[in-house]
Amino acid sequence: MNVRKFWLLSLVVLLVCQFGFAQVIANKTIAKQSFAKAQATGKPTPLLAKPLPGTKARPVIWVTGQKWQKSVGPAPKNVPGEPSFCDYNNGHQAAICPKGLQTAYGTNFPGANGGAGMTIVVLDYFSYPGAYAQLQFFDVVMHLPDPPSFKSIDLSGGNDGTGTGWDLETMLDLEYSHAMAPNASIVYIQADPNGDGSYEEQLAQSLGDVVSNSWTFTDQNGVGVELPYWEANLGFGPPTLFAAGDGSAFPYEGPAYPCTSPQATCVGGTSLYLKPNLTRNIEEGWSGSGGGCSQVFAIPAWQGSVGSGVCAPYRAAPDIAAIADGNTPVAVWICNAYWGCYFYGVGGTSVATPVLSGLVADMDTARVIFGKGKLNHLMNYELYPAAAYNYNYYYYDVIYGFNGYNAGPQYDLITGIGVPSGKALASRFFGIP
């Protein structure tokens, strides 16, 4: 190699390194700026309104500007077993924590046993080395058992997501899928942020009983280079839940891909208000929930009942829903040099997705005990006929809310069919299998 070529190659390597370093700094700055905006305005703010530079996927998590110091014991006048910022504090709803969600969504039904025997796969982008230790601390504070097993698979290509916002997304997904199914095992897959996630998603489907994906691609309505893989391979594993996205419905942002795929169960968002005993007071459609009509995918065979044919001849999204509003946030523990060590108030359909993934694990445990068999990948074949068979038994009907569309009786384009009843769907013996 002559001297000219050597210096040219050195210059290229230097520029690539400088770009990579600048990209990391920019990524971390974006997350910090979002939290600062939420603090300044007092309003929930999307953590990453678009993907980080050079990446394809983004999490759909909102920060509220609220944060609390760690606590390892119950506080006076609070729900026993949880810290003072949880659920109800001095008569007012505070951040919702595991006990509040378990009670409101009724996870303690016959046979559920906290999802025992099931494995939840959480798939996020970038790696986060501190994940398991921080989940263990969350368990101590919230009086939860550690998962029976925890496996971490790093396919990120050496891309550490600490401080990018994906680290907070990771802790949300792990903590609240675990909170809803504390006896289920967890596999945490860290995807390459520069890829389309196809290999990682295929691996996820081979390793668990339910897969939680709290992210979307940059393109909307299934248009993009990811489409060939996802439509060819998405429908062959266990139940696979995707977040519906945020930013409200079309013509704002609309339903997000892969959530709009007929091969996915698409999860919309609600605002959840509790009674002092932590049971549901009222649940409304969240104004920021993604939802609407796909402009690509035809209406699937399982849609059309209980008003879900509203988009015909196209697929309607979402399918089901759960808590997502940053104004009714959950408390997420994270501890690193960029976020400090706090519980943060967070929202987004990134909350609803792991919450319902944990509930699916509970349902599967009970279904096995009842001799029904676990839900297969396209559990939509089970969800929609159940709604048509006896709607009010299987679902909580969300009838208020507006995201560009109005919530209403049975199916709507904010919350889909509604909020599932784990107990009813776990013991379902009637209707179309």
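Among the residues of segment 376-402, the one identified as of a type in the set (Asp, Glu) and free of Cβ contacts under 8 Å to residues at least 40 places away in the same chain is Asp397. Ser214 satisfies every condition listed in (1) more than 30 Å from Pro148 (Cβ to Cβ); (2) among the hydroxyl-bearing types (Ser, Thr, Tyr); (3) at pLDDT 90 or above except (1).
Out of Tyr273, Tyr344, one residue alone is in contact (Cβ under 8 Å) with a residue 40 or more places away in the chain and crowded, with 23+ Cβ neighbours inside 10 Å. It is Tyr344.
Every residue, every condition in (1) of a type in the set (Asp, Glu); (2) in contact with a helix residue (DSSP H, G or I) (Cβ under 9 Å, 6 or more places away or on another chain), yes or no:
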residue: Lys372; (1), (2): no, yes
residue: Tyr381; (1), (2): no, no
residue: Ala386; (1), (2): no, yes
residue: Asn390; (1), (2): no, yes
residue: Asp397; (1), (2): yes, yes
residue: Ile414; (1), (2): no, no
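Ala312 meets each of the listed conditions (1) surrounded by fewer than 20 Cβ atoms within 10 Å (Cβ to Cβ); (2) touching a Leu at 6+ places or on another chain (Cβ under 6 Å) apart from (2).
From the list Gly358, Gly345, Gly373, Gly404, the lone residue that is small (Gly, Ala, Ser), within 27 Å of Val122 (Cβ to Cβ) and assigned to a loop (DSSP other than H, G, I, E, B) is Gly373. Working carefully through the options Asp173, Asp209, find the one that is over 20 Å from Ala95 (Cβ atoms) and of a type in the set (D, E, K, R). Asp209 is the lone residue from the list that is over 20 Å from Ala95 (Cβ atoms) and of a type in the set (D, E, K, R).
Can you pull out the residues in segment 327-339 that are in contact with a Pro (Cβ under 9 Å, 6 or more places away or on another chain), of a type outside the set (Val, Ile, Thr) and at pLDDT 95 or above? Steps first, answer last, please.
Of all residues in segment 327-339, those in contact with a Pro (Cβ under 9 Å, 6 or more places away or on another chain) come to 327, 329-331.
Filter once more, keeping what is of a type outside the set (Val, Ile, Thr): 327, 329, 331.
The answer is Pro329, Ala331.
Among the residues of segment 347-374, just one is in contact (Cβ under 8 Å) with a residue 60 or more places away in the chain, in contact with a Lys or Arg (Cβ under 7 Å, 6 or more places away or on another chain) and either among the small types (Gly, Ala, Ser) or crowded, with 23+ Cβ neighbours inside 10 Å (or both), namely Asp364. Residue count for segment 105-141, restricted to those that are more than 15 Å from Tyr176 (Cβ to Cβ) and part of a loop (DSSP other than H, G, I, E, B): 13. Does Ile399 count as within 20 Å of the chain's Cα centre (by Cα) and part of a loop (DSSP other than H, G, I, E, B)? Considered against the rule, which asks whether it is within 20 Å of the chain's Cα centre (by Cα) and part of a loop (DSSP other than H, G, I, E, B), Ile399 comes out as no. Filtering Ala179, Ala191 for residues that are closer than 28 Å to Thr64 by Cα, in contact with a Lys or Arg (Cβ under 9 Å, 6 or more places away or on another chain) and in contact (Cβ under 8 Å) with a residue 40 or more places away in the chain leaves a single hit, Ala179.
In segment 273-325, what residues are in contact with a Lys or Arg (Cβ under 7 Å, 6 or more places away or on another chain), on the phi < 0 side of the Ramachandran plot and not β-branched (Val, Ile, Thr)? Let's see the steps before the verdict.
First pass over segment 273-325, keeping only residues in contact with a Lys or Arg (Cβ under 7 Å, 6 or more places away or on another chain): 274, 278, 281, 294, 297-300, 303.
Still in the list and also on the phi < 0 side of the Ramachandran plot: 274, 281, 294, 297-300, 303.
Of everything in segment 273-325, those that are in contact with a Lys or Arg (Cβ under 7 Å, 6 or more places away or on another chain), on the phi < 0 side of the Ramachandran plot and not β-branched (Val, Ile, Thr) turn out to be Leu274, Asn281, Ser294, Phe297, Ala298, Pro300, Gln303.
Among the conditions (1) part of a loop (DSSP other than H, G, I, E, B); (2) touching a residue at least 60 places away in the same chain (Cβ under 8 Å), Leu144 misses just one, which is (2).
Name every residue in segment 91-129 that is over 18 Å from the mean Cα position of the chain (by Cα) and under 20 Å from Asp167 (Cβ atoms), in order of residue number. Residue satisfying the conditions is Pro129 alone. List, please: which pairs have Cβ atoms under 6 Å, are six or more places apart or on different chains, and start with a residue in segment 38-59 that is part of a loop (DSSP other than H, G, I, E, B) and end with one that is among the basic types (Lys, Arg)? Pairs found: Leu48/Arg58; Pro51/Arg58.
Select from segment 36-74 the residues that are hydrophobic (A, V, I, L, M, F, W, C) and over 19 Å from the mean Cα position of the chain (by Cα) and write down the one among them that is modelled with the lowest pLDDT. The residue in question is Val72. Within segment 376-396, the set of residues being surrounded by fewer than 24 Cβ atoms within 10 Å (Cβ to Cβ) and not in a helix (DSSP H, G or I) comprises Asn376, His377, Leu378, Tyr396. For segment 130-145, the set of residues classified as at pLDDT 95 or above and surrounded by fewer than 19 Cβ atoms within 10 Å (Cβ to Cβ) consists of Tyr132, Ala133, Gln136, Phe137, Pro145, listed by residue number. The number of residues in segment 150-200 being in a helix (DSSP H, G or I) and not polar (S, T, N, Q) comes to 15.
The values are calculated or read from the model by the stated rules, or taken from the named source; none is laboratory data. All of these numbers come straight from a predicted model, not from anything done at the bench. Please note: Cβ atoms are built from the backbone with ideal geometry, for glycine as well, and neighbour counts cover all protein chains shown.
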